[in-house]
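Participant: Below you'll find the structure I mean.
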């Protein structure tokens, strides 16, 4: 697949804005392994989707967190909890999102999510919610 | 289970605000069948969760729509697409939410969701997105 | 695949016990289309699993109903709601199982399940829960 | 959210009955982090749902185990395997529940569940099934 | 979003090859509703993914059918059952894929899938498997 | 349940062919714990399903890998990534299968899968894709 440099660079910019160095490292690992996969992830996931105008980053992280929790995709949740805080979701908004999910996908998934929220908040020294 | 009238009535108020008569009819069917189930749905789902302050109705419908699409719970999607429009999500924001979900749960679920979005918009005479 | 007549016949007996003619018709459709699939379904699903001693039919329908609701496999739910009633689950136990599931997989799936419970109870003339 | 002390205390009692100190510790962690979440979990999950009369604890753990396995919510499975044993499910009934699930959600999820069953049985010194 | 005409046209070609007019009609409906969504679906789903060299169409339909069945995305299954036949999967291979899925996601999803396989084969006058 | 020695031994042969000693060890653990479960797994999963003629091992591993990724059953993915390589799927075919899945179940599950692909390739000294 020929890369689309414009979309790829846009994606890298978005990732930098949202998560800084850790995010770029995660992509870099995929980039070294199989560039086309990193291409799709960055160009489509972030260069296309995340930079579309109709929804801002905060709305997009609301959607992403909810989707990850609802499908039980917990490997990616820590990354996006950090991104959500970085783009301006408050700790309280994040916790309340998890509580809202409890009604929509049940308490097990909400508990798994809340455990990760606790871990991320602790790493970031967030003590007030 | 003894009902919690305060939370139940709060839930009815929220439902009325969000979807009006159609929503109340849906609950009424459950209420006639097995009141305790309607109680839980209304008191917990809407009286507790939806009326919590940290997230407004628009944010909550963002979460709900995303959760329904991500878990493939399409029976409830039409109800909440209407609620989302009623609480101020724009048609464009809704369509863009579905597109965002395509990256997070794949195109099949996004296509099923988009078909319902099209149907609801048509019923409501929404022609501009 | 060579059929295992002993297990197959055992499976047919179990199906007959649990759902009678409707159940056998459903299998018959698969049997005419591709016998090996009907074989697996009947021999393994019912001849092996359902006839194992450690759990009785009522416990097994508890497990089956819960699994169908939890994975959103609603095409098979009506069949098993009938089976559950036939093997001695009370209407109340069935409704309460759905309510229990609401806490474990969320209200959307519970609502979809409850709608089918209502339909089956109506077809069977069950008015008291 | 104002707490409902009656339901909360009922939930703590149920948790104590079912899992004793380990269960209360798990809740305590959430309670310290964000009390409202612990409230919902305890009041609704255990104070309301688990204490409803129509199904006994053994039936409820049958439902809970099945739901966790069927949705792949394995983080909570160990907790409930212990609870199931405490409320009177025999080791054999638990193992047979997993086997039944294999037919309903496939062997991968059943294998993941069985591995946890083995671990819990070993921790509890259960050698006879 | 600016469209990528090269990828879009490639996607249309792939769709034409795989499903002909019905497939293009499905896209056309989305195209009229919200062009960007059709763009993503066609450019990414078919222009990029389906035309990558390492896997041929038959392998790709094997993956697609399996993914749809495994996630319970049955709205799109009929479309891809037709595509699978068109790109050279034999009726037997398709039925056997469903049987294989029974072991991996359980019999409920396999039964739902088999019912659709039967319907598609009937529409296409396939009587020999 | 009385074992079906013919199917069981066939299943052991298949496992031996596909994964050698590691696969047999995994089964052995289950065999020691609860023989009936190992029986089902080996006899049905491998003795019946995997040895059916219409699809070869390579096609079957394509289905299995896709099903595991699509349902998020990542505990079994490493085992089958090894099996896939052993039965002749090329590293490139495997990586491209994951990319194809990204479009069908979203990037989160694809990323989790790709991380495991990277780990398995590293363990096996695969440097060229």
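The values are calculated or read from the model by the stated rules, or taken from the named source; none is laboratory data. This one's a predicted model, so the numbers in the text were calculated from it and none came from an experiment. Quick reminder, even Gly has a Cβ in these numbers, built from the backbone with ideal geometry, and neighbours come from all protein chains shown.
Participant: Residues being touching a helix residue (DSSP H, G or I) at 6+ places or on another chain (Cβ under 6 Å) and either surrounded by fewer than 24 Cβ atoms within 10 Å (Cβ to Cβ) or farther than 26 Å from residue E:123 by Cα (or both): count how many of those fall in the range E:53-65.
Facilitator: Total satisfying the criteria: 2.
Participant: Output yes when any residue across the range D:29-47 is within 11 Å of chain A (Cβ to nearest Cβ), more than 30 Å from residue A:127 (Cα to Cα) and modelled with pLDDT under 95, and no when none is.
Facilitator: Pass one, the range D:29-47, residues within 11 Å of chain A (Cβ to nearest Cβ): D:29-30, D:32-42, D:44-46.
Now narrow it down to the ones that are more than 30 Å from residue A:127 (Cα to Cα): none.
Scanning the range D:29-47, I find no residue that is within 11 Å of chain A (Cβ to nearest Cβ), more than 30 Å from residue A:127 (Cα to Cα) and modelled with pLDDT under 95, so the answer is no.
Participant: If you go through the range B:1-33, how many residues are assigned to a loop (DSSP other than H, G, I, E, B) and within 20 Å of residue C:99 (Cα to Cα)? Before you say what the answer is, go through the steps one by one.
Facilitator: From the range B:1-33, those assigned to a loop (DSSP other than H, G, I, E, B) are B:1-4, B:20; that's our starting set.
Adding the requirement that they be within 20 Å of residue C:99 (Cα to Cα) leaves B:1-4.
Going through the range B:1-33 one residue at a time, the tally reaches 4.
Participant: If you go through the range A:53-65 one residue at a time, how many are facing another protein chain (nearest Cβ under 7 Å) and either over 28 Å from residue A:104 (Cα atoms) or not in a helix (DSSP H, G or I) (or both)?
Facilitator: Of the residues in the range A:53-65, the ones facing another protein chain (nearest Cβ under 7 Å) are A:54-55, A:59-60, A:62-64.
Retained after the next criterion (residues that are either over 28 Å from residue A:104 (Cα atoms) or not in a helix (DSSP H, G or I) (or both)): A:54-55.
Summing the residues that are facing another protein chain (nearest Cβ under 7 Å) and either over 28 Å from residue A:104 (Cα atoms) or not in a helix (DSSP H, G or I) (or both) in the range A:53-65 gives 2.
Participant: A follow-up question, please. Residues in the range F:42-52: is at least one in contact with a helix residue (DSSP H, G or I) (Cβ under 6 Å, 6 or more places away or on another chain), in a helix (DSSP H, G or I) and under 16 Å from residue E:62 (Cβ atoms)?
Facilitator: Within the range F:42-52 (the criterion being in contact with a helix residue (DSSP H, G or I) (Cβ under 6 Å, 6 or more places away or on another chain), in a helix (DSSP H, G or I) and under 16 Å from residue E:62 (Cβ atoms)), the answer is yes, since at least one residue qualifies.
Participant: Does residue A:96 satisfy the condition of being in a helix (DSSP H, G or I), modelled with pLDDT of 95 or more and out of contact with any helix residue (DSSP H, G or I) (no Cβ under 8 Å at 6 or more places or on another chain)? Before you say what the answer is, go through the steps one by one.
Facilitator: On the way: in a helix (DSSP H, G or I): yes; modelled with pLDDT of 95 or more: yes; out of contact with any helix residue (DSSP H, G or I) (no Cβ under 8 Å at 6 or more places or on another chain): yes.
Yes, satisfied.
Participant: Pick out the one residue from C:35, C:22, C:5 that is more than 26 Å from residue D:59 (Cα to Cα), in contact (Cβ under 8 Å) with a residue 40 or more places away in the chain and not assigned by TED's automatic domain parsing to the domain that holds residue C:96. Show your work before the answer.
Facilitator: Details: C:35 fails: in contact (Cβ under 8 Å) with a residue 40 or more places away in the chain; C:5 fails: in contact (Cβ under 8 Å) with a residue 40 or more places away in the chain.
Going through C:35, C:22, C:5 in turn, the sole match is C:22.
Participant: Moving on to the next point. Somewhere in the range D:66-86, is a residue more than 12 Å from the chain's Cα centre (by Cα), without any contact (Cβ under 8 Å) to a residue 60 or more places away in the chain and either surrounded by fewer than 21 Cβ atoms within 10 Å (Cβ to Cβ) or more than 7 Å from every other protein chain (Cβ to nearest Cβ) (or both)? If you could, list the steps in order and put the result at the bottom.
Facilitator: The initial filter retains those residues of the range D:66-86 that are more than 12 Å from the chain's Cα centre (by Cα), namely D:70-72.
Then keep just the ones that are without any contact (Cβ under 8 Å) to a residue 60 or more places away in the chain; that gives D:70-72.
So of that shortlist, the ones also either surrounded by fewer than 21 Cβ atoms within 10 Å (Cβ to Cβ) or more than 7 Å from every other protein chain (Cβ to nearest Cβ) (or both) come out as none.
Scanning the range D:66-86 turns up no residue that is more than 12 Å from the chain's Cα centre (by Cα), without any contact (Cβ under 8 Å) to a residue 60 or more places away in the chain and either surrounded by fewer than 21 Cβ atoms within 10 Å (Cβ to Cβ) or more than 7 Å from every other protein chain (Cβ to nearest Cβ) (or both).
Participant: Look through the range F:99-125, keep the residues that are outside any helix (DSSP H, G or I) and without any contact (Cβ under 8 Å) to a residue 40 or more places away in the chain, and return whichever of them is farthest from the other protein chains (Cβ to nearest Cβ).
Facilitator: Going through the qualifying residues, I end up with F:125.
Participant: Of everything in the range F:111-129, what is surrounded by fewer than 24 Cβ atoms within 10 Å (Cβ to Cβ) and within 30 Å of residue E:74 (Cβ to Cβ)? Give them in sequence order.
Facilitator: Of the range F:111-129, the ones surrounded by fewer than 24 Cβ atoms within 10 Å (Cβ to Cβ) are F:111-112, F:115-116, F:118-129.
If the condition is that a residue be surrounded by fewer than 24 Cβ atoms within 10 Å (Cβ to Cβ) and within 30 Å of residue E:74 (Cβ to Cβ), then F:111, F:112, F:115, F:116 are the ones that fit.
Participant: Let me ask another. Is it the case that residue D:78 is outside any loop (DSSP other than H, G, I, E, B) and modelled with pLDDT under 95? Let's see the steps before the verdict.
Facilitator: Values: outside any loop (DSSP other than H, G, I, E, B): yes; modelled with pLDDT under 95: no.
Considered against the rule, which asks whether it is outside any loop (DSSP other than H, G, I, E, B) and modelled with pLDDT under 95, residue D:78 comes out as no.
Participant: Could we say that residue E:27 is outside the structural domain of residue E:115 (by TED's automatic domain parsing) and either in contact with a helix residue (DSSP H, G or I) (Cβ under 8 Å, 6 or more places away or on another chain) or surrounded by 19 or more Cβ atoms within 10 Å (Cβ to Cβ) (or both) here? Give the steps one after another, and end with the answer.
Facilitator: On the way: outside the structural domain of residue E:115 (by TED's automatic domain parsing): yes; either in contact with a helix residue (DSSP H, G or I) (Cβ under 8 Å, 6 or more places away or on another chain) or surrounded by 19 or more Cβ atoms within 10 Å (Cβ to Cβ) (or both): yes.
Spelling it out, residue E:27 is indeed outside the structural domain of residue E:115 (by TED's automatic domain parsing) and either in contact with a helix residue (DSSP H, G or I) (Cβ under 8 Å, 6 or more places away or on another chain) or surrounded by 19 or more Cβ atoms within 10 Å (Cβ to Cβ) (or both).
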